[in-house]
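Taking it in order: structure first as structure tokens, then the write-up.
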Amino acid sequence: MEIEETIRGYLPEVIRWRRELHQIPELGLEEFATTAYLKRELEQLGFTDIRQPLTTGLVVVLEGSQPGKTIAYRTDIDGLPVTEMTGADFASRHSGKMHACGHDGHMATLLGFAKFLIEHPETVCGRVVLLFQPAEEGPGGAQLLIDAGVLTDLGVEQIIGLHVFPEFPSGVIACRPGAMMARNGEVTITIRGVSAHGAQPQQGQDAILAMSGVVQALHTIVARNLSPLDAAVLTFGKIYGGEAMNIIPGQVTIEGTMRAFSDAVYETLVKRIEEIAAGVAAGYGCEAEVVFNHMYRVVDNDPQLAAMLADIAGASYEETPPYLLAEDFSMYQQVVPGLFFFVGIRNEKKDWVHPLHSGKLQFDEADLLGGIQCYRELLQRINEN
């Protein structure tokens, strides 16, 4: 993909934006310094219609000089509770917090696109809405903006977003039509039995033993209740209960994550988890309580938009396999057609190969120019159709 000379000229500012933002990571709905920084930079670029429907994050509206569609572009702005280990001279100044998921790069990309729009008003058709969204990592800022009426009040017809991704080499633009990222949820199961002394097990109902049976049975769901052609994940990463090594505990809890590429498969997981937990626990003389936290939906790319992106990226394009990762960009796609794509940042020579959410995540800001180029050309293509 050829990067326009104008956009290549933005690299010094893109570097500055990314590195200054990288130093001030903040957790979801606490992005006050980040929001202030973005507002100041956008005002300096010349934007005047800057709105703040939530306590953090911004919505920027630009009216075009020609008729056209209302297209939204979204970046996430929050960081993670991760300790940085890059050794970079622009490392996080906030102890225990880091832009370990590339959101600093996403913001720099959208600022670069904003600069292009303000400097080239003749390219703006219809209305462009720039969403600087808080809390992607949790509790889900996309839904908060939807609930605030941003999409409906501004008449958004389509929405576009991207994510830097170390699974793909530098220079690659990756996407796929349809399901690209998973629907996800959290599940907490508590088994309640009767506590007893370890030397007198007959006087209790062993919650640990019951939970062992529940965990074993739950892992039959993917193998036996779903088609082998339907991908899904059920993983438990936390278990706690008990007070002493010689006491049978009366309560044990496990916490885990569940993911699937379709609502039907996801609902099957929910149904079978409830049935199995209750049934197996009862077999041990215990009771089960199951609590779900249903989070993000399937990232489901509009086929027409995906085809446009493939044509724009040309030889730089790769069709990505679906990933069981989750993204709250999917919530926008429940309201309007959308496109979400990956920007490759993997660089073997520099050992920039670390995954998202790693304290060692690093990338070259020049890779972000591909995202700006795609944004710019998608705006044109969408309004030509």
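Computed from the coordinates by the stated procedures, all read-outs in this text should not be read as laboratory data. Quick caveat: nothing in here was measured; it's all calculated off a predicted structure. Here the Cβ is made from the backbone with ideal geometry for all residues, glycine too, and neighbour counts use every protein chain on show.
Inside the stretch 18-34, residues that are surrounded by fewer than 19 Cβ atoms within 10 Å (Cβ to Cβ) and in a helix (DSSP H, G or I) make up a count of 4.
Gly256 meets each of the listed conditions (1) outside any loop (DSSP other than H, G, I, E, B); (2) surrounded by fewer than 16 Cβ atoms within 10 Å (Cβ to Cβ); (3) out of contact with any helix residue (DSSP H, G or I) (no Cβ under 7 Å at 6 or more places or on another chain) apart from (2). Only one of the listed residues (Phe168, Phe116) is more than 21 Å from Asp300 (Cβ to Cβ), among the hydrophobic types (A, V, I, L, M, F, W, C) and in contact (Cβ under 8 Å) with a residue 40 or more places away in the chain. That residue is Phe116. Looking only at residues in the stretch 83-102 that are without any contact (Cβ under 8 Å) to a residue 40 or more places away in the chain and either assigned to a helix (DSSP H, G or I) or not acidic (Asp, Glu) (or both), the one that is surrounded by the most Cβ atoms within 10 Å (Cβ to Cβ) is Gly96.
Looking only at residues of the stretch 209-240 that are surrounded by 14 or more Cβ atoms within 10 Å (Cβ to Cβ) and of a type in the set (Val, Ile, Thr), we find that the one that is nearest to Ala288 (Cα to Cα) is Val214.
Considering only residues in the stretch 129-158 that are touching a residue at least 12 places away in the same chain (Cβ under 8 Å) and among the charged types (D, E, K, R), the one that is surrounded by the fewest Cβ atoms within 10 Å (Cβ to Cβ) turns out to be Glu157.
Checking each residue in the stretch 35-68 for being over 28 Å from Glu157 (Cβ atoms) and buried (at least 17 other Cβ atoms within 10 Å of the Cβ) picks out only Tyr37.
Yes or no, residue by residue, for (1) within 24 Å of the chain's Cα centre (by Cα); (2) free of Cβ contacts under 8 Å to residues at least 40 places away in the same chain:
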residue	(1), (2)
Gly178	yes, no
Ala182	yes, no
Gly185	yes, no
Thr188	yes, no
Arg192	no, no
Ser195	no, no
Lys238	yes, yes
Val265	yes, yes
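Among the residues of the stretch 76-127, those that are among the basic types (Lys, Arg) and within 30 Å of Arg376 (Cβ to Cβ) comprise Lys115, Arg127.
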